[in-house]
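Down below is the structure, laid out as structure tokens.
The numbers here are math on the coordinates, done by the rules we state, and not lab data. Keep in mind the model is a prediction, meaning the values are calculated, not measured. A quick note on method: Cβ atoms are made from the backbone with ideal geometry, for glycine too, and the neighbour counts reach across all protein chains shown.
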Amino acid sequence: MSRVASIVADVNGGVSPQTTAREVAQRLAADETERLNATLAWSPEWLGREAERVEAQSPGPLSGVPIAIKDNIVTTEQPTTCASRILDGYVSPFDATAVARLRNAGAMIAAKANLDEFAMGSSTEHSAYGRVHHPMDSERVPGGSSGGSAALVAADVVPVALGSETGGSVRQPASFCGVVGVKPTYGRVSRYGLVAFGSSLDCISIFGRTTDDAARVLSVLSGVDPLDATTVDCAPPDVPARPPTLRGLTIGLPEEYFPDDLDPGVRAANERAIRALRDLGAELRPVSLPHTRFAVPTYYVIAPAEAASNLARYDGARYGRRVPGEGGGLRALYRATRGAGFGPEVRRRILIGTYVLSAGYYDAYYTKAQRVRVLIAEDFQRAFASGVDYLFTPTTPTPAFKAGEKTQDPVAMYLADIFTCAVSLAGLPAMSLPTGRVEGLPVGGQLIAPAFEESGMLGVAMALEDAIDPTEEARP
Ligand code: GLN
């Protein structure tokens, strides 16, 4: 019997949805609201209605499983704010494809989770509704931008939650909070109903307490969607069986992800995980991804460029908040609405994005960044073509940092994604799983796979999960 059970299978198997709904409501009420600030909307009545719906429905793979949804994924029965004042009071007339699929599979939507405004950030301090607290140390951040979803799973409020990734926003908070975070291949899961940030990067992604749980949700979410032309028509990844050995697999260790100044605790926890991979029979091989150092600067040209275009739609005429502005007229409406609605980090992204797309600078920044993006993707292709099956790296350069530590220095905040955003630029699947603790704080390790090889990657994670105790202190 595996040490790491599936919580989702337990819920799905035995408990009545009404009982689960009541328990989740109690946990949300008691634990969550004041302490974590991880939700933006939930109610016992809403949970009760979800339970009724599930009870009336024929059983599915996620029957009665409560799931929290990052509040940049639209739902018809609760507001969707993206943690921004500009969407105050906005309720979507349709469900995101991911939400519709979860509901069809029997899941109950338990709460809308707090996030960095429009998913821009690495700490969930950029929410217009206040920061999310780390469940194990309230002075610290849970990571971001999907910090609310990560905290709810880590605090045992729900077994699984949806987040979104543009550059690492599920893997990074998963690592900080000591849970599993899975980012699928770009195009695997429909983006329809995920509020657009960087459309060529955005992926709905999953938090679970175990790999098995996240895999069950991924298989429900996956598949082509006529409403998202970037989805790919291929069979959903199955929930793999736990492989008894990793013999025959080669796992690459990219030297750029183990720099000399890596936090000693992060290094120690992940070196222990690497020893466990070897003990399971995997061959380990050093590899090089030489363009890694360009990933953060490339990401911070492409993502803001796409964000500036996508966010042009919030003009006071179509969505959410409307501030008429002095003297009337269209320009005054735009100015007043956007001025009142967007927080500082979102404004910074719009300014950067508009600048890199402007006539005189387009080639120097945007075109250049697109070229470097290809080089970054080719680094991964070359590594996988050389006989490496998966890559293993730390997920983040440090454990969870303190609130306020990086808010005055945007570049320091951006560097929190240094190990995650190259994968996003390449569109590859990757995941973070807990590998140890440093002074009580969780540390994560990252597995990276070739496109559409999620199933094998999840299998490696399951084997590793069984072989190490992620609550054990890693001693440098
Ligand atoms: N932290 C990165 C950013 O601020 C990534 C965000 C994300 O993945 N949504 O853009």
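Suppose a student asked you for the relative contact order of the chain, using Cα pairs under 8 Å spaced at least 6 residues apart; what percent would you report?
Computed over the chain, the figure is 18 percent.
Check each of the GluC sites (Glu not before Pro) in segment 379-466 and keep only those in coil by DSSP with at most 12 other C-beta atoms within 10 angstrom; list them in order. Each step should come with its number before you reach the end.
Values: sites: Glu405, Glu439, Glu453, Glu454, Glu465; in loops: Glu405, Glu439, Glu453.
Of the GluC sites (Glu not before Pro), the ones in loops of segment 379-466 whose Cβ has at most 12 other Cβ atoms within 10 Å are Glu439.
Quantify how much of the Cα-Cα distance distribution of segment 154-261 extends past 24 Å, in percent.
On the way: 1975 of 5778 pairs.
Above the 24 Å cut-off, segment 154-261 has 34 percent of its Cα pairs.
Give the shape of segment 276-317 as rounded, prolate or oblate, defined through the alpha-carbon gyration tensor: a ≥ b ≥ c are the square roots of its eigenvalues, a/c under 1.5 means rounded, and otherwise the shape is prolate if a/b is larger than b/c and oblate if not.
Values: a/c = 8.13, a/b = 2.72, b/c = 2.99.
It is oblate, given that a/c is not under 1.5 and a/b is not larger than b/c.
What nm value, rounded to one decimal, do you get for the distance between Val411 and Arg22 when each label is placed 7 Å out toward the C-beta?
Rounded to a tenth, the inter-label distance reads 5.7 nm.
In whole angstrom, note down how far apart the Cα centers of segment 116-187 and segment 220-249 are.
23
Below 8 Å, C-alpha to C-alpha, sequence gap of six or more: please give me the relative contact order for segment 348-476 in percent. Walk me through the intermediate numbers first.
On the way: 144 pairs, mean separation 30.6, N = 129.
RCO, segment 348-476: 24 percent.
Find how much the distance from Ser138 to Leu262 grows on full extension, using 0.36 nm per residue of separation minus their present alpha carbon separation; answer in nm with one decimal.
Stretched fully, the Ser138-Leu262 segment lengthens by 42.2 nm.
From the phi angles alone, apply the Karplus equation (6.51, -1.76, 1.60; θ = phi - 60°) to segment 371-376 and give each ³J(HN,Hα) in whole Hz, x where the residue is Gly or Pro.
So the Karplus estimates, Gly and Pro as x, are 5, 5, 4, 5, 4, 5 Hz.
Just tell me which lysines come within less than 20 Å, Cα to Cα, of Lys70; anything on the same chain fewer than 8 places away is out.
Lys112, Lys183
Just to confirm the filter: which GluC sites (Glu not before Pro) across segment 251-303 are DSSP coil and have at most 12 other Cβ within 10 angstrom of their Cβ? Kindly include the intermediate steps, with their values, before the conclusion.
Details: sites: Glu255, Glu256, Glu271, Glu283; in loops: none.
Answer by residue number: there is no such site.
Where the centroid of each part is defined by its Cα atoms, how far is segment 44-58 from segment 421-445 in Å?
Result: 34 Å between the Cα centres.
Could you tell me the relative contact order of segment 252-385? Use alpha-carbon pairs under 8 Å, at least six residues apart, and round to a whole percent.
Over segment 252-385, the number comes to 30 percent.
If each residue of separation counts as 0.36 nm, what is the full-extension length gain between Leu330 and Arg293 once their alpha-carbon separation is subtracted?
On the way: separation 37, 0.36 × 37 = 13.32 nm, distance 4.34 nm.
That pair, Leu330 and Arg293, stretches by 9.0 nm at full extension.
Just grab the label-to-label distance for Glu378 and Asn104, each label 7 Å out from Cα along the Cβ direction, in nm (one decimal).
4.0
Expected output is a single nm value to one decimal: the length gained when fully extending between Asp279 and Ser200, i.e. 0.36 nm times separation in residues minus the C-alpha distance. What is it? The partial results should precede the final answer.
Values: separation 79, 0.36 × 79 = 28.44 nm, distance 3.84 nm.
Taking Asp279 through Ser200 to full extension adds about 24.6 nm, to one decimal.
Hey, for a label at Arg53 modelled as a point 7 Å past Cα toward Cβ, could you say which residues of segment 11-28 have their backbone N under 16 Å away?
Only 17-18, 21-22 fall inside the zone, counting backbone N under 16 Å.
Set the Förster radius R0 to 22 Å, insert the Cβ-Cβ distance between Ser309 and Val91 as r into 1/(1 + (r/R0)^6), and round the FRET efficiency to 0.05.
Details: r = 25 Å, r/R0 = 1.12.
Here the calculated transfer efficiency is 0.35.
Going by amide H atoms built from the backbone, whose H comes under 5 Å of the H on Leu284, apart from near neighbours?
Here the answer is Ile251, since their amide H atoms fall under 5 Å of that of Leu284.
With all pairs of different alpha carbon atoms counted, what Kirkwood hydrodynamic radius in Å does the chain show? Intermediate results must be reported in sequence, preceding the final value.
Numbers: mean 1/r = 0.0452 Å⁻¹.
For the chain, the Kirkwood estimate is 22.1 Å.
5 Å is the cut-off here: which amide hydrogens, built 1.01 Å from N in the peptide plane, fall below it relative to Ala113, excluding neighbours closer than 5 in sequence?
Amide H neighbours of Ala113: Leu40, Ile69, Lys70, Asp71.
Taking Rh as the Kirkwood radius, which is the inverse of the mean 1/r over Cα pairs, what is the Rg/Rh value for segment 340-476?
Values: Rg = 18.5 Å, Rh = 17.7 Å.
Rounded to two decimals, Rg/Rh equals 1.04.
Give the residue from Ala128, Ala196, Ile109 lying farthest towards the positive end of the charge dipole for segment 103-257; charges sit on Cβ (+1 for Lys and Arg, -1 for Asp and Glu) and the dipole is referred to the Cα centre.
Ile109
Between segment 262-328 and segment 63-114, what is the separation of their alpha carbon centroids in Å?
23
May I ask you to sort Met431, Met120, Met457, Met136 by Cβ crowding, counting other Cβ atoms within 10 Å and putting the fewest first?
Numbers: Met431 32, Met120 28, Met457 25, Met136 18.
By the 10 Å Cβ count, ascending: Met136, Met457, Met120, Met431.
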